[in-house]
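Read the structure below first, then the notes.
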Amino acid sequence: MTEPNRILVLYAHPAPHRSRVHRALAATVADLPGVSVHELYEIYPNFDIDVAHEQHLLREHQVVIFQHPIYWYSTPAILHAWQEEVLTRGFAYGPGGGALRGKALIQALSTGSAPESRHGAERGFSLGDVLRPVEQVARFCGMVYLAPFVVRGAGSLDARAIAEQAQRYREHLMSLRGGPLPAPFSTLED
């Protein structure tokens, strides 16, 4: 029998005290065995990232989740800084850089757009367009990019809807932890 997948959740919300959705998502999975919720803004408020520690965490987990809101068509600043500092040549890519090869990367994200606004055409970009840079990071590092977990219309959800999304997230992480990973996902099919 194979060991369950260990999951590293890189939680990146610049104002977690104001985030009803992401706080609920993180709290709902924090007690799962084999799941490590790593709050980047709390740990690195001055963006002074401990690269050796972060690389150690990546080596110890088979699934990496970037959990964040969509901020200006991208990830929050700490997640950009984390990628620049941690995903180095010789570790994540390039000669000797196979530490992440075969590991899975998924985004757990929220959008302000309403659920019926599935493609964001009114803003000129689809969600797939916005996710493409992280998908490319995964490919560049030899990782398997999995379909994102998306909570749409985060600002308009009531407490019951947030609880339902958090439970759906918990179930999703439990399936990633215990079973074979789903097929790779591509935003190019969006």
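How many of the residues in the range 6-32 are touching a residue at least 40 places away in the same chain (Cβ under 8 Å), part of a loop (DSSP other than H, G, I, E, B) and not hydroxyl-bearing (Ser, Thr, Tyr)? Total meeting the criteria: 5. Can you tell which of LEU105, LEU109, LEU100 is within 23 Å of PHE185 (Cα to Cα), aliphatic (A, V, I, L, M) and touching an Asp or Glu at 6+ places or on another chain (Cβ under 9 Å)? Result: LEU105 is the single residue among LEU105, LEU109, LEU100 that is within 23 Å of PHE185 (Cα to Cα), aliphatic (A, V, I, L, M) and touching an Asp or Glu at 6+ places or on another chain (Cβ under 9 Å). Scanning the range 77-92 for residues that are touching an Asp or Glu at 6+ places or on another chain (Cβ under 8 Å) and crowded, with 19+ Cβ neighbours inside 10 Å, we see that the one that is farthest from ILE65 (Cα to Cα) is VAL86.
A count restricted to the range 156-182 and to residues that are within 24 Å of GLY128 (Cα to Cα), over 15 Å from the mean Cα position of the chain (by Cα) and in contact (Cβ under 8 Å) with a residue 24 or more places away in the chain stands at 6.
Every number here is computed from the coordinates shown, using simple stated rules; none is lab data. For clarity, every value in this text was computed on a predicted model and none was experimentally measured. Cβ: placed from backbone, ideal geometry, glycine included. Neighbour counts: every protein chain shown.
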